[in-house]
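Below is one structure, written out as structure tokens, with a few remarks after it.
The values are calculated or read from the model by the stated rules, or taken from the named source; none is laboratory data. What you are looking at is a predicted structure, and each value in this text was computed from that prediction instead of being measured. Using ideal geometry, Cβ is built from the backbone for each residue, glycine included, and neighbour counts are taken over all protein chains shown.
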Amino acid sequence: MGKRVAKEVSIAVADAVAQCRVDVISAYPITPQTHIVEHLAELVNNGELDAEYIPVESEHAAMSACIGAAAAGARTFTSTSAQGLLFMYENLPIASAFRLPIVMVIANRSISAPISIWNDHSDVMTTRDLGWIQTFAENGQEAVDLIYHAYRVAEKCLLPVAVNLDGFIVTHVVEPIEMLDQELVDKYLPPLKMKYKLHPKKPITMGAIGVPEIYTEAKKALDEAFKASYRVVVQAWKEFEKLTGRRYQPVETYRMDDAEVAMVIMGSLAETASNAVDELRKKGKKVGLVRFRLWRPFPMQDFIKAIGKVKALCVVDRAVSHASTGGPVGIEVRSALYQSNKRPRVVNFIAGLSGRDVTKDDFIELFERTFEAISKKPKFSYEIYGVKE
Amino acid sequence: MPKDQGLMSWKELAPGMYILEPGNSAKFKTGDWRSHRPVLDKEKCIKCGQCYLLCPEPAYEPNEEGYFICNLYYCKGCGICAAICPKGAITMVLEEA
Amino acid sequence: MRPELAEFKPLSIKDLPKEDWFAPGHRACQGCGTVLPLKLALKALGPNTIAVSSTGCMEIISSPFPYSSWKVPWIHVAFENAASVASGIDAAIKALKRKGKLPKKEKINIVVFAGDGATFDIGLQFVSGALERGHNFIYICLDNEAYMNTGVQRSGGTPKFAHTTTSPAGKVIHGNVTWKKNLPGIIVAHNIPYFATASPAFYMDYINKVKKASLVEGPAFIHVYSPCPTGWGSKSEDTILLSRLVVETRLFPLFEVIDGKYYILNRKVDKPKPVEEYLKLQRRYRHLTQEEIELIQQKANEEYERLVKLCEVFAPPKEETKEKAKEG
């Protein structure tokens with residue numbers, strides 16, 4: 001067992017990446033990811049991490065260089081947020097379609113405009129369709145553990161993985177974190193061996209034209225590989241539990257056994273929401289929490305099972321999908337439910353945009369409004385909560 | 001039907017849709033593009049190799065005698081070889097219908 | 001001056017390998033003057049090469065699934081980022097060699113093939129970044145002076161007055177309004193180990209330049225003039241003739257710059273041919289007035305004379321070359 005030390009989460013995440021013996025780091029700084037890439041640069045320049053650090057001139061170049069490096073057989077890492085993610089957007093589906101095991105940490109931040117450095121999920125929610133495996137960390141320990149997990153999954157599936165951390169709220173806090181011992185990391189993460197890569201010994205052509213006669217087949221092949229990654233994700237967590245005793249599942253539940261109303265939430269706000277659950281439970285209200293740790297591939301069975309027999313779900317989104325049928329999570333939850341036999345009432349709130357505080361009392365209010373909604377169907381598909389009128 | 005238009009089963013595709021056979025475009029015939037074809041007068045040829053070097057395909061191949069022979073499977077009839085031959089040993093003639 | 005360049009022994013045509021690393025059966029137009037320098041570069045570099053292409057004619061004609069003309073490993077990612085992809089490959093090879101996962105002594109060339117569109121315009125940021133960081137790769141810009149792949153639209157490399165579909169020779173505005181972007185100036189300002197211009201008509205000069213580029217440690221950039229009969233409205237057999245005339249009219253001088261410091265003029269053009277001889281072979285210039293032709297002539301002379309002065313003032317040190325001559 002490793003020792004628990006107080007570390008800033010960004011530093012711990014960078015240390016975990018270093019422990020994974022990454023070969024190439026290609027990153028461009030953007031608030032609030034900066035401490036991650038700065039610490040990695042420090043480790044490289046002090047000779048503590050044997051890797052090539054490419055201080056690229058933009059995020060698009062960062063992902064492009066990761067694609068080149070991964071295609072040549074290197075273990076790669078990059079990190080970004082908001083505008084940076086949007087700038088490298090073009091390369092995201094390419095990385096996935098090329099089946100490259102790139103790992104990226106997204107320090108979730110609001111997208112412009114208005115320009116904002118504070119935390120919400122609007123950046124990553126724009127990338128749902130692009131073929132990246134996506135996980136969400138609630139706290140520092142999870143963030144670090146998801147890094148080790150990301151490399152193992154990426155390299156077994158040959159698919160890129162994005163680990164999401166709430167900007168500032170997770171990245172910049174100091175928490176007690178237990179890093180894995182290096183021997184355990186090496187056991188969990190064997191050296192990267194790619195069957196096909198760019199090397200003169202066995203020339204291959206990567207990036208040929210997808211003529212209409214093959215594009216559908218190419219997408220189908222990718223889709224099947226992506227669906228199959230679910231099992232790899234779960235198995236990798238089971239192996240991780242054997243090594244550390246820490247258990248991770250695609251969907252996390254809290255006090256859901258007899259819950260009548262459940263809040264569906266992602267990321268660090270889940271911790272505050274769980275305090276609201278405890279307080280309401282003391283008052284005899286049967287409430288619980290359901291949290292997506294795995295977002296892509298969408299863990300449909302886990303989610304349907306997790307909600308149990310609730311009468312209503314309170315889906316808390318942290319991004320807006322203007323004039324659509326809900327926030328991103330609300331849309332997907334409703335879609336998943338429709339394909340199942342369960343029909344709880346779904347109330348969708350958008351809260352905590354760009355670092356706006358959502359307190360325990362706010363969550364209590366959201367729970368209460370959801371209870372009301374059981375008997376009186378709300379008129380709105382989604383509501384932006386906490387707006388000053 | 002849409003599925004009949006597919007070149008191959010999705011299961012047969014290499015991951016990432018990589019092409020694993022380097023240079024397999026050599027199977028593809030571009031010789032039917034041309035309307036003119038080069039004809040070599042060996043008497044005039046000094047075996048300098050410029051036709052071979054400057055053919056964009058490349059369609060020329062050296063033979064045992066050191067002459068460069070145009071592979072009509074690929075030749076698109078652009079006429080560069082005839083234009084640059086220092087001895088005028090290559091002439092472009094109209095392809096028969 | 002760098003010893004690998006000062007002591008370089010140029011190849012002659014008989015030194016060239018008989019093999020090609022770009023297969024026929026590709027879909028380039030008849031007489032394509034862009035695929036020709038691509039093929040020649042691979043002949044010069046050999047099989048221990050990883051090639052990266054930007055989106056463009058060369059990528060399209062060489063990789064229509066399931067066919068590939070690339071006999072070396074090749075990757076195409078997007079339009080603007082070939083230089084960044086090459087940076088990643090360079091870093092990967094460095095890291096893997098250092099960690100013993102690849103043999104240290106094994107030399108692998110990394111070459112980028114990108115058009116003028118990808119280099120002058122959309123990819124300029126990426127080119128600049130890769131050059132500034134000093135990655136060990138060769139960037140070959142195949143300049144056919146427009147976005148040919150998408151149907152002949154103007155680029156930053158399109159010469160003044162040339163007709164393209166987005167700078168048409170109309171009744172009011174007579175073709176492209178700006179002079180060709182000074183790409184050599186931009187690249188040279190990065191002080192990279194090796195920069196050169198080339199033209200397929202002077203093929204041994206070009207091949208030797210590719211060879212020199214592969215010998216330097218760090219970035220090398222070759223700007224190659226690449227005729228496009230389809231886009232320029234020229235005859236397919238005139239490709240080499242145009243490549244020769246463009247140099248002999250001073251429109252595209254052949255020169256090298258070492259480390260951003262030393263300028264070498266490869267071909268003196270004391271008695272230039274009139275630009276009209278070059279322009280009249282291409283339908284993209286058929287609307288030109290006499291005045292416009294004179295402007296082109298004037299600009300060509302100005303730029304050439306400026307280059308000659310640069311080559312005189314910033315010539316490589318004579319002492320070094322004299323020493324080498326004595327030793328040799």
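Structure notes:
- Yes/no for A:E224 being surrounded by fewer than 21 Cβ atoms within 10 Å (Cβ to Cβ), outside any loop (DSSP other than H, G, I, E, B), outside the structural domain of A:S274 (by TED's automatic domain parsing) and in contact (Cβ under 8 Å) with a residue 40 or more places away in the chain: no
- Restricted to the range C:12-28, and to residues there that are touching a Gly at 6+ places or on another chain (Cβ under 9 Å) and more than 7 Å from chain B (Cβ to nearest Cβ), the residue that is surrounded by the fewest Cβ atoms within 10 Å (Cβ to Cβ) is C:K14.
- One residue from A:E38, A:E57 being farther than 25 Å from A:V153 by Cβ and outside any loop (DSSP other than H, G, I, E, B): A:E38
- Restricting A:I25, A:I115 to those that are surrounded by 24 or more Cβ atoms within 10 Å (Cβ to Cβ) and over 18 Å from the mean Cα position of the chain (by Cα) reduces the list to A:I25.
- The set of residues in the range A:64-87 being within 11 Å of chain C (Cβ to nearest Cβ) and under 17 Å from the mean Cα position of the chain (by Cα) consists of A:T78 alone.
- Test: residue in the range A:290-297 that is within 22 Å of the chain's Cα centre (by Cα), more than 28 Å from A:K388 (Cβ to Cβ) and assigned to a loop (DSSP other than H, G, I, E, B): yes
- Any hit, the range B:35-46, residues being assigned to a loop (DSSP other than H, G, I, E, B), facing chain C (nearest Cβ under 7 Å) and either free of Cβ contacts under 8 Å to residues at least 40 places away in the same chain or crowded, with 16+ Cβ neighbours inside 10 Å (or both): no
Rundown of residues vs (1) outside any strand (DSSP E or B); (2) surrounded by fewer than 18 Cβ atoms within 10 Å (Cβ to Cβ); (3) of a type outside the set (S, T, N, Q), yes/no style:
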{"residue": "B:P22", "(1), (2), (3)": "yes, no, yes"}
{"residue": "B:K29", "(1), (2), (3)": "yes, yes, yes"}
{"residue": "B:K87", "(1), (2), (3)": "yes, yes, yes"}
{"residue": "B:V93", "(1), (2), (3)": "no, yes, yes"}
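- Looking across the range A:187-210, just one residue is in contact (Cβ under 8 Å) with a residue 40 or more places away in the chain and part of a strand (DSSP E or B), and that is A:M206.
- Matching residues in the range A:52-63 - criterion: being facing chain C (nearest Cβ under 7 Å) and either touching a residue at least 60 places away in the same chain (Cβ under 8 Å) or under 21 Å from the mean Cα position of the chain (by Cα) (or both): A:H60
- Filtering B:P2, B:P58 for residues that are over 30 Å from A:I67 (Cβ atoms), facing another protein chain (nearest Cβ under 8 Å) and within 15 Å of the chain's Cα centre (by Cα) leaves a single hit, B:P58.
- Condition met for A:N91 (within 8 Å of chain C (Cβ to nearest Cβ) and out of contact with any strand residue (DSSP E or B) (no Cβ under 8 Å at 6 or more places or on another chain)): yes
- Some residue of the range C:163-182 being hydroxyl-bearing (S, T, Y) and assigned to a strand (DSSP E or B): yes
- Selected residue [on the phi < 0 side of the Ramachandran plot and either at pLDDT below 95 or crowded, with 18+ Cβ neighbours inside 10 Å (or both)] from C:K268, C:K299, C:K318: C:K318
- Qualifying residue in the range A:313-324 (condition: modelled with pLDDT of 95 or more, of a type outside the set (A, V, I, L, M, F, W, C), part of a loop (DSSP other than H, G, I, E, B) and closer than 25 Å to A:I147 by Cα): yes
- All conditions but one from (1) within 23 Å of A:A18 (Cβ to Cβ); (2) within 21 Å of the chain's Cα centre (by Cα) apply to A:L184; the one that does not is (2).
- Scanning the range C:38-61 for residues that are within 7 Å of another protein chain (Cβ to nearest Cβ) and polar (S, T, N, Q) turns up C:N48, C:T49.
- Residue list for the range A:274-317, filter: among the β-branched types (V, I, T) and surrounded by fewer than 22 Cβ atoms within 10 Å (Cβ to Cβ): A:I304
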